[in-house]
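Structure first, commentary second.
The values are calculated or read from the model by the stated rules, or taken from the named source; none is laboratory data. If you're wondering where the values come from, they're calculated on a predicted model, not measured in any experiment. All Cβ positions, glycine included, derive from the backbone under ideal geometry; neighbour counts span all protein chains shown.
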Amino acid sequence: MTILQRPPLAAFSLIELLVVVALIALAFALLESDLSPTHRQSQAELCSDNLQKIFLAAQIYANDFRGFPLNTNARTSEPVLNLLVPRYTSDRSIFVCPWTHDPDIPSGAPLDKYKISYAYYMGRGTNAGPGDFLLSDRQINTLSKGATDQVFSLTGQSPGNNHSRFGGNVLFCDDHVENIPARTPFSLAFSNGIVLLNPKP
C-alpha cells in the first residue's frame, strides 16, 4: 500500500518575513519624517521664501506698470505671473512649492506652458494696503472666503493640497507671509475687481 504524501505547504521563510517587516518599517519612517512637525515647518518656510521672492519681482513690476501683473484673458495664475519672467526674475523654481510633486520648470521656459503651485489675486494696484493679500498656495476654489471658510485641503487630497492637509501660506502686500490652517482664521474676502486665479489643476 502506497501512502500519499502531501506536498509541503507554501510559506514565507523567516528571511522573507524579516525583509517585508523591514520594508514596512522603512516606508513608515519615511512617511513619518515627511509629516513630522519639523519637516512641515521647514517646507512651509521654503514655500514662504518662494512667495516673498515672487512678491519682490511683482513689486518691481508694479513700480514699472503702476500695478501688479494683470492679464484679463487669464483663467489660471500661470499666464499672469509669466509677465514676471525673465525681466523681473529668471528663477523659475520659486513658482513651485517645495512640498508639491509639481515638476520643475526648465530654465528659460515660459510659465504658461507649465504648472505652477501658487494662486494669485489679480487686480491689485499700487495702492494695495498691508492687509491686502496677493498670493497663496493653491486653494480649493477661486471663491472669496470669510473667516473659518475652507481655503486648503482638509484631507491632503487635491484640490488645495500644496501642503497636504496642513493648510498653506498666504502672502500679504506688505511682504509678510502667514501660514494658516485649512480653514482660514481670518477673512480672505475680496471684491472691487479682484479675481482669484488658481494654477492649472
Identify all residues within the stretch 80-133 that are among the aliphatic types (A, V, I, L, M), within 17 Å of residue 172 (Cβ to Cβ) and in a loop (DSSP other than H, G, I, E, B); write none if there are none.
-> 128
Check the stretch 39-47 and report whether any residue there is modelled with pLDDT of 95 or more, of a type outside the set (Phe, Trp, Tyr) and farther than 17 Å from residue 172 by Cβ.
-> no
Taking the stated definitions as given, is residue 139 at pLDDT 95 or above and either of a type in the set (D, E, K, R) or in contact with a Gly (Cβ under 7 Å, 6 or more places away or on another chain) (or both)?
-> yes
Which residues, taken from the stretch 180-199, are without any contact (Cβ under 8 Å) to a residue 40 or more places away in the chain, part of a loop (DSSP other than H, G, I, E, B) and in contact with a Gly (Cβ under 7 Å, 6 or more places away or on another chain)?
-> 181, 182
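Each row is one residue, and each column tells you yes or no for (1) in a loop (DSSP other than H, G, I, E, B); (2) at pLDDT below 95; (3) in contact with a His (Cβ under 7 Å, 6 or more places away or on another chain).
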residue: 154; (1), (2), (3): yes, no, no
residue: 160; (1), (2), (3): yes, no, no
residue: 165; (1), (2), (3): yes, yes, no
residue: 169; (1), (2), (3): no, no, no
residue: 175; (1), (2), (3): yes, yes, no
residue: 178; (1), (2), (3): no, no, no
residue: 201; (1), (2), (3): yes, yes, no
Could you please find all residues in the stretch 146-162 being surrounded by 20 or more Cβ atoms within 10 Å (Cβ to Cβ) and either in contact with a strand residue (DSSP E or B) (Cβ under 6 Å, 6 or more places away or on another chain) or under 24 Å from residue 68 (Cβ atoms) (or both)?
-> 151, 152, 160, 162
Restricting to the stretch 52-70, what's the tally of residues that are assigned to a helix (DSSP H, G or I) and in contact with a helix residue (DSSP H, G or I) (Cβ under 8 Å, 6 or more places away or on another chain)?
-> 5
For the stretch 97-120, does any single residue satisfy the condition of being touching a residue at least 60 places away in the same chain (Cβ under 8 Å), among the small types (Gly, Ala, Ser), crowded, with 19+ Cβ neighbours inside 10 Å and in contact with a Gly (Cβ under 6 Å, 6 or more places away or on another chain)?
-> no
Failed condition for residue 86, given (1) under 22 Å from residue 176 (Cα atoms); (2) over 17 Å from the mean Cα position of the chain (by Cα), with all others met?
-> (1)
